[in-house]
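Down below is the structure, laid out as structure tokens.
Here, each number is a calculation from the coordinates, and none is a lab measurement. What you see is a predicted model, and the numbers here were worked out from it, not measured in a lab. Every residue, glycine among them, receives a Cβ derived from its backbone with ideal geometry; neighbour counts consider all protein chains shown.
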Amino acid sequence: MSSQLKVADSTHDPNVYAELITIGDEILFGQIVNTNAQWMGVELSNVGIRVRRHTSVGDKESEIIAALTEAAQRAHIVLITGGLGPTKDDITKYTLAAWFDSPMAENPDALAHLEALLARRGRTLNDLNRQQANQPTKATYIHNAIGTAPGMWFDLPKGDKAAHDMVFVSMPGVPAEMKKMMRDIIIPKLVARFDPPIIIHKIIRTIGMAESNLAELIESWENALPANVSLAYLPSFGQVKLRLTGTGTNATELLAILNEQAELVLPLIRDYVYGFDQDELEKVIGRLLQERNATLATAESFTGGSISQLITAIPGSSGYFLGGVVAYDNEVKINTLGVDRQLIINHGAVSPEVAEAMAVGVQRATGATYAISTTGIAGPGGGTEAKPVGLVYSAVAYPGGVFSVKQQLLVDRHLNIQMGSLWALNLLRKHLRGIID
């Protein structure tokens, strides 16, 4: 047996591994997004089953068979979605019948469900629909409570095709049908069958430090992690999430270990950590303002209202967010926010002086305790040698003062707007935390 098979074999590894196979040309053509795999990965992880691989294949028998054959050498569980409809391009069921060397037969439970479901919808069963009641005889019928295509459960013992005893499950690709089938039937059966270990994740959310620099800063802590705890770096838009994953048999003890490790690393990166687990930066800002009984307003130029949108997406934000001004044009900066025209003439709209004047202006106009402003060159045009695309200034006005910070972002407009919005929010967070003033 190869070393790869030993990793998957439960006699060498206590983990239970799954592979996901998505079938359908529409996935490969990019016509729909494979949200099923993402959802299944979360749900399986919640019950201690690790997803090793996602594979997407087209509606072609040879490709499906190749994916099944390869997955049988790596995983304990193979979950298949798609290709169970009544039309000619839906070949999953027939391919599985061939791969499992199983004849097809009409399943009475599937037929009864089809007839009842179509009757409720005011339709009669035709020959095309009736084919959906046919299943490989080696498959166990899985009820589809809200659709016409039943699921199929195959047990495959260790042998020529499988590295060890394993399970294959085929489900419809329609998300609502797949999710109900997974929650109500498949996941409970998988847990009962494999008794997977407990997997718990804890996420430490950071902003303002590059992934490589962060890794260097916490290297000694990472090297000393317990054997049953692993660390993953998840970077996006100027943020890095540190995901601690613990595996064990006692959830209480495992959570205590993860919390202990989080506390150990905090002194090394405290200024960059804004939250944990499901915390979003805008949600953390809201909590900090509520703790101070404070209010916030925004004045945005290049971010075009994105900061306000982030803030107002949080339920309860009306309790601390007063409003915002999108001052894209200089005349709006001057007439609405009270920015001195000479300030723009002397320094340009993209400058620390104008950013600070915008923040003070919207603070004064709304009566907010704090105000955030942004001005910059989002791109792709508008940049100069002195002020290139991606140059931005963010400012925070607070009771008794104002300050600004310069940043050089990227050349991509969309990313600059997203990152610029988060940087400005983080500037306020750092001020509220006493990290910067």
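Applied to the range 392-399, the Karplus parametrisation 6.51 cos²θ - 1.76 cosθ + 1.60 on θ = phi - 60° returns per-residue 3J(HN,Hα) values of 9, 10, 10, 9, 10, 9, 9, x Hz, with x for Gly and Pro.
Using the average count of surrounding beta-carbon atoms within 10 Å as a protection proxy, the listed peptides 29-40, 411-422 rank, highest first, as 411-422, 29-40. Note on the range 201-233 and the range 108-181: Cα centroid distance 43 Å, given to the nearest whole angstrom.
Taking amide H as placed 1.01 Å from N in the peptide plane, the amide H of ASP165 sits under 5 Å from that of LYS158, each at least 5 places away or on another chain.
Reported value for the range 141-207: 165 Å³ per residue, from the convex hull of its C-alpha atoms. How far, in degrees from 0 to 90, does helix 281-291 lean away from the longest principal axis of the Cα atoms of the chain, to the nearest 10? Here the helix axis deviates by roughly 60 degrees. Packing order of peptides 76-84, 259-267, highest average first: 76-84, 259-267 (average count of other Cβ atoms within 10 Å over each peptide's residues). Phi angles across the range 140-155 convert, under the Karplus curve 6.51 cos²θ - 1.76 cosθ + 1.60 with θ = phi - 60°, into 3J(HN,Hα) values of 8, 5, 10, 5, 9, 5, 10, x, 8, 8, x, x, 9, 10, 10, 9 Hz, Gly and Pro given as x.
Using the Cβ-Cβ distance between ALA232 and GLU263 with R0 set to 22 Å, the FRET efficiency works out to roughly 0.70.
The H on the amide N of ILE21, modeled in the peptide plane, is under 5 Å from the matching H of THR55, LEU79, ILE80, THR81, each at least 5 residues off or on a different chain. When the Cα convex hull of the chain is projected onto planes of every orientation, the mean area is 27.2 nm². Among GLY319, GLY122, GLY173, the largest mean-square fluctuation in a Gaussian network model of the chain (Cα springs under 10 Å) belongs to GLY122.
The stretch between LEU225 and ARG52, if pulled fully straight at 0.36 nm per residue, gains 60.0 nm over its current Cα-Cα span.
Which order do the peptides 178-189, 100-111 take when ranked by the mean count of other beta-carbon atoms within 10 Å per residue, highest first?
Details: 178-189: 17.5, 100-111: 14.4.
The densest-packed peptide leads the list: 178-189, 100-111.
Centroid-to-centroid, using Cα positions, the range 250-294 and the range 317-335 are 31 Å apart. The string of couplings for the range 92-108 from the Karplus curve (6.51, -1.76, 1.60, θ = phi - 60°) is 4, 4, 6, 5, 5, 4, 5, 5, 8, 6, 10, x, 9, 8, 6, 8, x Hz, one whole number per residue in order, with x for Gly and Pro.
Residues whose amide H falls under 5 Å from that of GLY323, counting only those 5 or more places apart or on a different chain, are THR298, with hydrogens built in the peptide plane. Helical content alone sets the calculated 222 nm signal of the chain at -11000 deg cm²/dmol, taking -39,500 (n - 2.57) per DSSP H segment of four or more residues and averaging over every residue.
With only the Cα atoms considered, the range 3-194 has a convex hull volume of 115 Å³ per residue.
Only lysines eight or more places from LYS430 in sequence, or on another chain, were considered; those with a Cα closer than 30 Å are LYS202, LYS241, LYS283, LYS333, LYS387, LYS406.
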